[in-house]
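One structure is given here, and the rest of the page talks about it.
The values are calculated or read from the model by the stated rules, or taken from the named source; none is laboratory data. Since we're looking at a predicted model, the values are computed, not measured. Don't worry about glycine lacking a Cβ; one is built from the backbone with ideal geometry, like all the others, and counts go over all protein chains shown.
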Amino acid sequence: MMTSYRDIPFFNYADHFLRQEEELTAVMRDVLSRGAYILQSDLVNFEKSLQEFLNVKHVLGVADGTNALMLVLRAAGIGPGDEVIVPSHTYVASVASIHFLGATPVLVECGSDHMMDPEFARQAVTSKTKAIMPVQLNGRTCDMAAIKAIADDFGLGIVEDAAQALGSRYDGQFAGTFGLGGTFSFYPAKLLGCFGDGGAVVTNDDEIARQVYLLRDHGRDASGEVVSWGTNCRLDNLQAAVLDFKLKSFDQDIVRRRRIAMMYQEGLGGIEQLHLPPSPDSESKNFDVFQNYEMEAVRRDEYAQYLKDRGIRTIVQFGGKAVHQMPGLGLTNYSLPKTEDIYRKAILLPMNTSLSDDGVEYIIETTKLFYGVGH
Ligand SMILES: *Cc1c(COP(=O)(O)O)cnc(C)c1O
């Protein structure tokens, strides 16, 4: 096949608005002309829609995914002297949320699917461990049966960082709904993105929900009375309205992402220099929603440059460093060889709903050319 040059951004931020410009403008005009800026009906409506979507008891919109983690950890009573087990292959925010509560993050390895490895999590438990934070990375959910077994064996709480996994399921249950609480991010490039920062805490626990409700708005209860310490960590009503609109067609977005993953699987599956993420049609308890398409590639940097020269933008997640490899965080004494090996080879191919079939074909063909296969 002849392949001609195409420009394929990693994520098309403008298209995120422009492809539904009319509808989105109408949604925003409606909110703005009602003067409905903070904690208004659009937020309540979005929380209700997400609650139904996830089949969870409580949803609380908050400022962003990082603050969502801090609020739910705080509501769970995590603080100084407590250890929280978290994978090192994650966004720094997962670990920072533990740090900022004065608790101690304990970093562990991930497995060949790039998710927290439950065996390493079990070995990391000490008498100080209070919680496990599985990170539902790349749109996949961890082996929650194994993680629940650890939590049950040692009496630990589970707080899920599901920032990358809205709609992902394990054994039929949605990411974010397994433990004490789960968190989501609505950063523009996330599965469900708004036009700025946004996040949510979800929980089936009435007390966690009550605490987060108070914490996100200055400790004020439904009547407006200050009944405890709190802060300002609210989800803007305007963003909530946008999110509620986008959630209506979110199922189609997931279908599209899984379709792109299937095309990558079929096109790249035979290349032995690549280690692909689990295929959407693999026999497992996982239903993956592909926030990212993270694979491992031999000669990764050369491959990335080859794609870039041909108009295709890729990224190495989290700046190419696991959390324990980031200078300045005081965690560099960890040795996590599996994670470090993944970081030498990991690359994200474009994966978003602005990407066309032609674009995916072009990425596949260009990859085949680089590895010298199939021609
Ligand atoms: C995006 C992300 C966060 C943080 O979300 P923000 O809304 O940007 O604060 C946390 N954890 C993971 C794994 C993420 O990808």
Expected output for the range 91-102 (first residue closer than 14 Å to Ile78 by Cα and of a type in the set (Phe, Trp, Tyr), partner within 12 Å of the ligand (Cβ to nearest atom) and assigned to a helix (DSSP H, G or I), Cβ below 7 Å, 6+ apart or cross-chain) is Phe100/Met70
Of the residues in the range 37-72, those that are among the aromatic types (Phe, Trp, Tyr) and away from the ligand (no atom under 16 Å from the Cβ) number 2
| Just a yes or no: is a residue in the range 147-158 more than 11 Å from the ligand (Cβ to nearest atom), crowded, with 24+ Cβ neighbours inside 10 Å and at pLDDT 95 or above? | yes
The residue from Tyr293, Tyr334 that alone is under 23 Å from Gln265 (Cβ atoms) and of a type in the set (Phe, Trp, Tyr) is Tyr293
Among the residues of the range 197-207, the number that are within 11 Å of the ligand (Cβ to nearest atom) and farther than 27 Å from Gln20 by Cα is 0
| message | Taking the conditions exactly as written (modelled with pLDDT of 95 or more, part of a loop (DSSP other than H, G, I, E, B), over 16 Å from Met115 (Cα atoms) and away from the ligand (no atom under 16 Å from the Cβ)), does Leu331 satisfy them or not? | response | yes
Is it the case, given these coordinates, that Asp253 is within 16 Å of the ligand (Cβ to nearest atom) and out of contact with any helix residue (DSSP H, G or I) (no Cβ under 6 Å at 6 or more places or on another chain)?
no
- Query: With respect to Thr90, is the statement that it is touching a strand residue (DSSP E or B) at 6+ places or on another chain (Cβ under 8 Å) and within 15 Å of Gly65 (Cα to Cα) true?
  - Reply: yes
Scanning the range 240-285 for residues that are within 16 Å of Gln164 (Cβ to Cβ) and touching a Pro at 6+ places or on another chain (Cβ under 7 Å) gives Arg258, Ala261
Of the residues that make up the range 1-23, is at least one modelled with pLDDT under 95, hydrophobic (A, V, I, L, M, F, W, C), over 28 Å from Phe174 (Cβ atoms) and outside any helix (DSSP H, G or I)?
yes
When restricted to Ser127, Ser88, Ser112, the only residue in contact with a His (Cβ under 8 Å, 6 or more places away or on another chain), away from the ligand (no atom under 16 Å from the Cβ) and either at pLDDT below 95 or small (Gly, Ala, Ser) (or both) is Ser112
_Within the range 181-196, does at least one residue satisfy the condition of being more than 16 Å from the ligand (Cβ to nearest atom) and either out of contact with any Cys (no Cβ under 8 Å at 6 or more places or on another chain) or of a type in the set (A, V, I, L, M) (or both)?_
no
Condition check: of a type in the set (S, T, N, Q), part of a helix (DSSP H, G or I) and either in contact with a Lys or Arg (Cβ under 6 Å, 6 or more places away or on another chain) or crowded, with 19+ Cβ neighbours inside 10 Å (or both). Does Gln305 satisfy that?
no
Given (1) of a type outside the set (Ser, Thr, Tyr); (2) in contact (Cβ under 8 Å) with a residue 24 or more places away in the chain; (3) in a loop (DSSP other than H, G, I, E, B); (4) more than 13 Å from the ligand (Cβ to nearest atom), Trp229 misses just (2)
In the set Val226, Val212, the lone residue that is surrounded by fewer than 17 Cβ atoms within 10 Å (Cβ to Cβ), farther than 30 Å from Glu23 by Cβ and touching a Gly at 6+ places or on another chain (Cβ under 8 Å) is Val226
